[in-house]
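As structure tokens, the structure follows; a few thoughts come after it.
The values are calculated or read from the model by the stated rules, or taken from the named source; none is laboratory data. What you are looking at is a predicted structure, and each value in this text was computed from that prediction instead of being measured. Virtual Cβ from ideal backbone geometry, glycine too; neighbours counted across all protein chains shown. Please note that ligands, DNA and RNA were not included when accessible areas were found on the heavy atoms of the full protein model with its side chains. Shrake-Rupley method; radii C 1.70, N 1.55, O 1.52, S 1.80 Å.
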Amino acid sequence: MKYTRLTKEQLEELHEEFIRFLASQSIDKGEWDTLKQEKPEVAEQEIDVFSDLIWESVMDKAEWLEHYSKNHIFLFKLGKENMESIVIHAHTPLADFLTEGGLQWLNENIFSKEVHLSRGKKDFGEDRNTEIFSLIEQGAMLSDGTLYKELEDMF
């Protein structure tokens with residue numbers, strides 16, 4: 001498996017897509033039920049293949065990521081060959097970017113000496129999607145890039 005198996009909740013959300021996937025494998029409902037009963041390891045493999053296909057599709061389309069921690073916000077713009085980043089670092093215990101109050105504090109103090117903004121750029125290695133997935137596993141979330149675009153214009 002290249003990525004990770006979708007959770008039960010994710011699989012339930014993607015129920016229709018999973019049915020189409022099984023149909024593309026020439027597996028109907030009766031055959032699926034039989035597989036689950038008689039060959040659970042094969043059924044698990046089908047779920048793993050489906051999970052990888054879904055994750056690959058998500059990674060292919062990913063353009064923006066955000067990762068929040070107490071004193072840092074990492075914003076990523078994902079190209080095909082590389083990713084650019086903007087990192088916001090607060091040098092004060094008053095800032096907690098995991099809270100609404102901390103984000104409000106940032107909004108009011110973004111140009112103060114207590115906030116440091118930096119930019120970076122990194123080429124992807126052999127597998128762009130695996131690198132993006134690794135960031136997601138570390139807590140990054142897909143986003144629409146609004147915050148990145150706002151800050152990009154500032155410097």
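Could we say that F50 is under 24 Å from M1 (Cα atoms) and touching a Phe, Trp or Tyr at 6+ places or on another chain (Cβ under 6 Å) here? Answer is yes for this residue. In the range 5-19 there is at least one residue that is in contact with an Asp or Glu (Cβ under 7 Å, 6 or more places away or on another chain) and either open to solvent by less than 100 Å² (accessible area, probe 1.4 Å) or under 26 Å from I136 (Cβ atoms) (or both). Taking the criterion of being of a type outside the set (G, A, S), within 26 Å of F133 (Cα to Cα) and touching a helix residue (DSSP H, G or I) at 6+ places or on another chain (Cβ under 6 Å), the residues of the range 23-52 that qualify are V42, F50. Of the listed requirements (1) outside any helix (DSSP H, G or I); (2) out of contact with any Lys or Arg (no Cβ under 6 Å at 6 or more places or on another chain); (3) more than 19 Å from D144 (Cβ to Cβ), L22 misses just one: (1). Take the residues of the range 135-155 that are crowded, with 16+ Cβ neighbours inside 10 Å and among the small types (G, A, S): which is nearest to L98 (Cα to Cα)? Among them, the one singled out is A140. Given the criteria surrounded by 15 or more Cβ atoms within 10 Å (Cβ to Cβ), modelled with pLDDT of 95 or more and closer than 30 Å to S24 by Cβ, does W55 qualify? Yes, satisfied. Out of the residues in the range 80-104 meeting the condition of being within 23 Å of R119 (Cβ to Cβ) and modelled with pLDDT under 95, tell me which one is surrounded by the most Cβ atoms within 10 Å (Cβ to Cβ). Ranking the qualifying residues of the range 80-104, first place goes to A95. Total residues in the range 105-134 satisfying the condition of being closer than 30 Å to S57 by Cα, open to solvent by 20 Å² or more (accessible area, probe 1.4 Å) and not basic (K, R): the figure is 9. Tally time: how many residues in the range 106-140 are more than 18 Å from the chain's Cα centre (by Cα) and among the basic types (K, R)? The qualifying residues number 3.
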